[in-house]
């Protein structure tokens, strides 16, 4: 079995047609969150932190928060929303009475999560661009990183969602996984400078760190070999988890 | 044969849900899969539309191997699941549109088909309000409309009228008959024997994952019992006194009730009356139905008495 793009697109459109009706309920809170962080930490705390890696603190913060917006956009979709469609609404059982196959469901859902990551990350990017925090034109290179971060967190989230026995476990996912990533994965301070060398591998294991490092490099307009590792990590982890999710969704839907 | 199951078994862990099932559903009619809850009806249907893979055996639909040509088979099947699945926040029309896209329908065919189904299932009065405000009967009609979006050659209905009031059931039955007239083959499951008897021209009775009897309802009744049933309340001792020596074609007992099946109820009643020593015990005479056949074939009634 393989993905049929027209069928995956039909799954994508199902979500889009629902989202169109309620987008302002969903977009506004998640969109404002990084804006508030930017203002509070960037401008508030930033007033006391004069320079960070050679730039104002708020400028240091901006590229990382683009990735956080993408992470949040994808994560809400592939956690609660997918779990509800899978377990309570039985939406996928209905899809599977048509020529839609589990692979199409997975592809459609991932595309949709990436779309939402694009909406959140894109809106936030606009805000910082208008605020003059995205140095042009090099910051535009960070735009493709929004769907990349979206894909990575869609893959992580859906792999988790397909294996958990109860919806209550999502609170662990958010408070014990996404929140520490947000706080420690290079968004607010260079994690490496606070770690002893023997613990550096811990930093490299954090998924959010890699899109953030890529985005910051794009904003600065610098290139480094470590960025290849960041790219490989993001794509590699996504691929492995999606392969796992593919087995998981088939098992859940077609036993 | 439109649907052909050969030696099909399905095992879930330790539990054998379907056990060596053979089934032939001819094209054009209405075929009923009857049995109590847990008999394996839904699992059998899921194997017909290829969502559950048989542990052993083969399932062919339209002559195609379902496990290999799932998409091709499902493009020609409509399935109404036991539980209604909608997007509650949007209208029937929008639900139909979403579902039509799973079949890759595009405008203008998509809207045309929606219009046809709004009429066919009488959904027009509430076509544009959110589904969540609709009544149970309306929701069930919408569920059937969804499964007709692709103009299926085979319509699969999993317990179409469970939990619906009598008027709604009658209305749904008339829609199913109309579809049959238009040439759609219907495969349904039910644990209502009256539903099966009214709608189906062939039935298979399933118990514990096996077909225990199949054929036309009247033929099943003739083959296993007799057209008329006489019921009376009595203890086993009384039954021996009253009924031994009478000549029913078959005799069953459910709890305190004895049921005698015969071709000539009047003669049998007279015979029993001749032995009841004038106590004029109440007798019920009625036509034999599929419920009786089920009882005869499985030894248990559908209510699990």
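Hey, could you check segment B:77-94 for residues that are surrounded by fewer than 24 Cβ atoms within 10 Å (Cβ to Cβ) and closer than 18 Å to residue A:7 by Cβ and say which is nearest to the other protein chains (Cβ to nearest Cβ)?
Filtering segment B:77-94 for residues that are surrounded by fewer than 24 Cβ atoms within 10 Å (Cβ to Cβ) and closer than 18 Å to residue A:7 by Cβ, the one nearest to the other protein chains (Cβ to nearest Cβ) comes out as B:85.
For residue B:101, all conditions in the list (1) under 28 Å from the mean Cα position of the chain (by Cα); (2) facing chain A (nearest Cβ under 9 Å) hold save one; what is the number of the exception?
Here residue B:101 meets the rest and fails (1).
All but one of (1) under 25 Å from residue B:176 (Cα atoms); (2) buried (at least 21 other Cβ atoms within 10 Å of the Cβ); (3) within 14 Å of chain A (Cβ to nearest Cβ) hold for residue B:39, so report the exception by its number.
(3)
Restricting to segment A:3-16, count the residues that are surrounded by fewer than 22 Cβ atoms within 10 Å (Cβ to Cβ), in contact with a helix residue (DSSP H, G or I) (Cβ under 6 Å, 6 or more places away or on another chain) and farther than 16 Å from residue A:114 by Cβ.
1
Taking only segment B:225-256 into account, find how many residues are in a loop (DSSP other than H, G, I, E, B), over 25 Å from the mean Cα position of the chain (by Cα) and either modelled with pLDDT under 85 or surrounded by 15 or more Cβ atoms within 10 Å (Cβ to Cβ) (or both). Even if it seems obvious, please write down each step before you answer.
Just the residues of segment B:225-256 that are in a loop (DSSP other than H, G, I, E, B), to begin with: B:225-227, B:234-235, B:245, B:247-249, B:255-256.
Narrowing the set further to residues that are over 25 Å from the mean Cα position of the chain (by Cα) leaves B:234-235, B:245, B:247-249, B:255-256.
Pick out the ones that are also either modelled with pLDDT under 85 or surrounded by 15 or more Cβ atoms within 10 Å (Cβ to Cβ) (or both) and you get B:234-235, B:245, B:247-249, B:255.
Total meeting the criteria: 7.
Could you check, for segment A:66-86, whether at least one of its residues is away from chain B (no Cβ under 14 Å), in a helix (DSSP H, G or I) and out of contact with any helix residue (DSSP H, G or I) (no Cβ under 9 Å at 6 or more places or on another chain)? Full working, then the answer.
As a first pass, look at segment A:66-86 and keep what is away from chain B (no Cβ under 14 Å): A:66-80, A:82-83.
With the extra rule that they be in a helix (DSSP H, G or I), the set shrinks to A:66-80, A:82-83.
Checking which are out of contact with any helix residue (DSSP H, G or I) (no Cβ under 9 Å at 6 or more places or on another chain) leaves us with none.
No, every residue in segment A:66-86 fails to be away from chain B (no Cβ under 14 Å), in a helix (DSSP H, G or I) and out of contact with any helix residue (DSSP H, G or I) (no Cβ under 9 Å at 6 or more places or on another chain).
Determine whether segment B:9-30 contains at least one residue that is outside any strand (DSSP E or B), within 12 Å of chain A (Cβ to nearest Cβ) and either under 24 Å from residue A:101 (Cβ atoms) or touching a strand residue (DSSP E or B) at 6+ places or on another chain (Cβ under 8 Å) (or both). First the steps, then the outcome.
As a first pass, look at segment B:9-30 and keep what is outside any strand (DSSP E or B): B:13-14, B:26-29.
Checking the rest, the ones that are also within 12 Å of chain A (Cβ to nearest Cβ) come to B:13.
This time we only want the ones that are either under 24 Å from residue A:101 (Cβ atoms) or touching a strand residue (DSSP E or B) at 6+ places or on another chain (Cβ under 8 Å) (or both), so: none.
Within segment B:9-30, not a single residue is outside any strand (DSSP E or B), within 12 Å of chain A (Cβ to nearest Cβ) and either under 24 Å from residue A:101 (Cβ atoms) or touching a strand residue (DSSP E or B) at 6+ places or on another chain (Cβ under 8 Å) (or both).
Can you confirm whether residue B:39 is farther than 21 Å from residue B:154 by Cα, in contact with a helix residue (DSSP H, G or I) (Cβ under 6 Å, 6 or more places away or on another chain), in the same structural domain as residue B:179 (by TED's automatic domain parsing) and touching a residue at least 12 places away in the same chain (Cβ under 8 Å)? Please lay out each step first, then the result.
On the way: farther than 21 Å from residue B:154 by Cα: yes; in contact with a helix residue (DSSP H, G or I) (Cβ under 6 Å, 6 or more places away or on another chain): no; in the same structural domain as residue B:179 (by TED's automatic domain parsing): yes; touching a residue at least 12 places away in the same chain (Cβ under 8 Å): yes.
Answer is no for this residue.
Just name the residue that is surrounded by the fewest Cβ atoms within 10 Å (Cβ to Cβ) out of those in segment A:94-115 that are farther than 22 Å from residue B:84 by Cβ and free of Cβ contacts under 8 Å to residues at least 60 places away in the same chain.
A:114
I'd like to verify a number: residues in segment B:66-124 that are within 24 Å of residue A:18 (Cβ to Cβ) and in contact with a strand residue (DSSP E or B) (Cβ under 6 Å, 6 or more places away or on another chain), how many?
Selection size over segment B:66-124: 5.
Among the residues in segment B:141-163, are any farther than 25 Å from residue B:101 by Cα and assigned to a helix (DSSP H, G or I)?
The first filter runs over segment B:141-163 and keeps only residues farther than 25 Å from residue B:101 by Cα, leaving B:159, B:161-163.
Narrowing further to those that are assigned to a helix (DSSP H, G or I): none.
No - not one qualifying residue is present in segment B:141-163.
Hey, any hits in segment B:67-76 for a residue that's crowded, with 21+ Cβ neighbours inside 10 Å and touching a helix residue (DSSP H, G or I) at 6+ places or on another chain (Cβ under 7 Å)?
Applying the first criterion (crowded, with 21+ Cβ neighbours inside 10 Å) to segment B:67-76 yields B:70, B:73-74.
Add one more test, that the residue is touching a helix residue (DSSP H, G or I) at 6+ places or on another chain (Cβ under 7 Å), and what stays is none.
No, because not a single residue in segment B:67-76 is crowded, with 21+ Cβ neighbours inside 10 Å and touching a helix residue (DSSP H, G or I) at 6+ places or on another chain (Cβ under 7 Å).
Please specify each residue of segment A:204-218 satisfying the condition of being over 17 Å from residue A:71 (Cβ atoms) and either more than 18 Å from the chain's Cα centre (by Cα) or surrounded by 17 or more Cβ atoms within 10 Å (Cβ to Cβ) (or both). Working first, answer last.
Step one: filter segment A:204-218 for residues over 17 Å from residue A:71 (Cβ atoms), giving A:204, A:217.
A:217, the sole residue that qualifies.
Tell me, which residue of segment A:20-48 that is free of Cβ contacts under 8 Å to residues at least 24 places away in the same chain and buried (at least 16 other Cβ atoms within 10 Å of the Cβ) is nearest to the other protein chains (Cβ to nearest Cβ)?
Filtering segment A:20-48 for residues that are free of Cβ contacts under 8 Å to residues at least 24 places away in the same chain and buried (at least 16 other Cβ atoms within 10 Å of the Cβ), the one nearest to the other protein chains (Cβ to nearest Cβ) comes out as A:42.
Of the conditions (1) over 30 Å from residue B:271 (Cα atoms); (2) out of contact with any strand residue (DSSP E or B) (no Cβ under 7 Å at 6 or more places or on another chain), residue B:247 satisfies every one except a single condition; which number is it?
So the condition that residue B:247 fails would be (1).
The values are calculated or read from the model by the stated rules, or taken from the named source; none is laboratory data. Quantities reported herein were computed from a predicted structural model and do not represent experimental measurements. All Cβ positions, glycine included, derive from the backbone under ideal geometry; neighbour counts span all protein chains shown.
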